[in-house]
1. Here are some values of volume of the Cα convex hull per residue in Å³: (1) 145; (2) 172; (3) 157. Which one was computed from this structure?
2. With only alpha-carbon atoms in the gyration tensor, what are the semi-axes of the equivalent ellipsoid for the stretch 438-522, in Å, largest first?
3. I'd like to compare 293-303, 512-522: which one has the highest average count of other Cβ atoms within 10 Å, and what's the full order after that?
4. Under a point-charge model restricted to the Cβ atoms of Lys and Arg (+1) and Asp and Glu (-1), what is the dipole moment magnitude of the chain relative to its Cα centre, in debye to the nearest 20?
5. To the nearest Å, what is the center-to-center distance of the stretch 152-226 and the stretch 113-133, using C-alpha atoms only?
6. Enter the mean projected area of the convex hull around the alpha-carbon atoms of the stretch 196-288, in nm², rounded to one decimal.
7. Arrange the peptides 357-370, 273-286 so that the one whose residues have, on average, the most other Cβ atoms within 10 Å appears first.
8. Going by Cα centres, the stretch 66-95 and the stretch 435-487 are how many Å apart?
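What follows draws every value from the coordinates through simple rules; no lab data is involved. It should be emphasised that the depicted structure is a prediction, and the values quoted were computed from it without experimental measurement. For neighbour counting, all protein chains shown are included, and Cβ atoms are generated from backbone atoms with ideal geometry for every residue, glycine included.
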Amino acid sequence: MTSEPPVNAAVTSNGSTNQARLALRRVLIDTYHENVAYMHRECDIYRAEGFKALSKVEVRTNGRSILATLNVVDDEAIVACGELGLSKSAFAQMGLDDGHTVTVSQAEPPESIGALHRKLGGERLHLEDFKAIVHDIAEHRYSKIELTAFVVATNRDELDREEVYFLTQAMIDVGRHLNWHENLVVDKHCIGGIPGNRTSMLVVPIVAAHGMLCPKTSSRAITSPAGTADTMEVLANVELPIEQLEDIVRAHRGCLAWGGTAHLSPADDVLISVERPLSLDSPGQMVASILSKKISAGSSHLVLDIPIGPTAKVRSMPEAQRLRRLFEYVARRMQLSLDVVITDGRQPIGFGIGPVLEARDVMRVLENDPRAPMDLRQKSLRLAGRLIECDPDVRGGDGFAIARDILDSGRALAKMNDIIQAQGSKQFDHNQPGLGTLSFEVRAPHAGMVTSIDNLQLARIAGLAGAPKVKSSGVDLLCKLGDEVQADALLYRVHASYPTDLEFARQACKKSIGFCLGNAADMLHAFVEF
């Protein structure tokens, strides 16, 4: 029997001598969907191998391997010369303890890099090209620079509709697929951009109470003040092992969980880490992202909400119709039944912006509380009604009334409570929701009608106040479009838990409060389907 090579043994240029072995060390840095390795500059292996900062390395041991971007450090408090540090997510993927010996070597360039270069040159790619690129992205073979190049090369009109279908199919192929062994599996999704739009947390219990299977896996916020998963986390655990998620859905006909643990479209999670800092959300990438996750989750029928408004993602009806046609084309190719609904995106939905405030609004609607926001209730009922009409036993046009009866009767609340208990209930009282103890009020500078509300500015203010990381922070609206207000009337209240967050939000309000006051003739009317 041969003995294992010693830790920190160098590899020669021809690879014929000792393997490069280092002791694994967990580095508590969140690198957000990027595997990062850390090596000391004075490490013998670093010098012998000719590693460079930001190059790709392959880390191996016991049949396991990951690819990571190398960062070079000079501080032994981070990693010593005989160690290889891994970021939090990379360390978790290896599934090993600190001190375990690993080998490290230069990673081979991604096989799909040629296809990427052709796309950068303006060529049209085929299905096999996208499959190769997406596979390498999911395997973390692309650096951040290469990822950015792909995102930019496929931005806006750089993809034709068949290429969007190819990208969607490729993203499905690299992820996990759920099969519920039922003919009717429903879901609802919004393209985003509207603060407080927590309709999913009402649609799921309504349609599940009707008996339909609705496995809702949602995202966390990246640039917005709250995602569905962030808000649901106020009420229950959302990070569920896939086996537990499947058991909950089968037992209760629905769930509201974070999608990150399901690995339904792992390449999309990596791409989002580049798209969001660049504020890129092209139609083709949006379609591929949404539909790949829904199809991988086993959905057969999807209701898609496209809000339009001057500060929404989609700002005109022609743009909404173009996006609708693209969604419908790809969904048809994927044999997914799709119902696109164009909705009013001129202002936030509900009163709260931020996880705790949005959870408060949701529970008030479920409990038929007179303080519940009527716009959140009505929009949720209409979306739930569209999904219920996917049931072959329901006549077209009857869905809204069925959804309203389920909500008014308390059956939706009972179903939501069942789901909360199954996922792991947290203490929450919507009458005393535990908001940030620091606050300030924003008041009307003069009398008039509220003629416009800036979604982007209010989302920014809530984010500066701490949302979604600090769940008790956010913006609590007291006025909506069409309201007549007097000078110095209270428009909204900002909540924070830390003085610096409060001051950041206050400074943002000084630049713009996000409300315009004027006459009825100044208000932009919505041309939407409901």
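1. Recomputing volume of the Cα convex hull per residue in Å³ here picks out (2).
2. Equivalent ellipsoid semi-axes, largest first: 24, 12, 10 Å.
3. 293-303, 512-522
4. 660 debye
5. 25 Å
6. Its average projected convex-hull area is 6.5 nm².
7. 357-370, 273-286
8. Going from one Cα centre to the other spans 43 Å.
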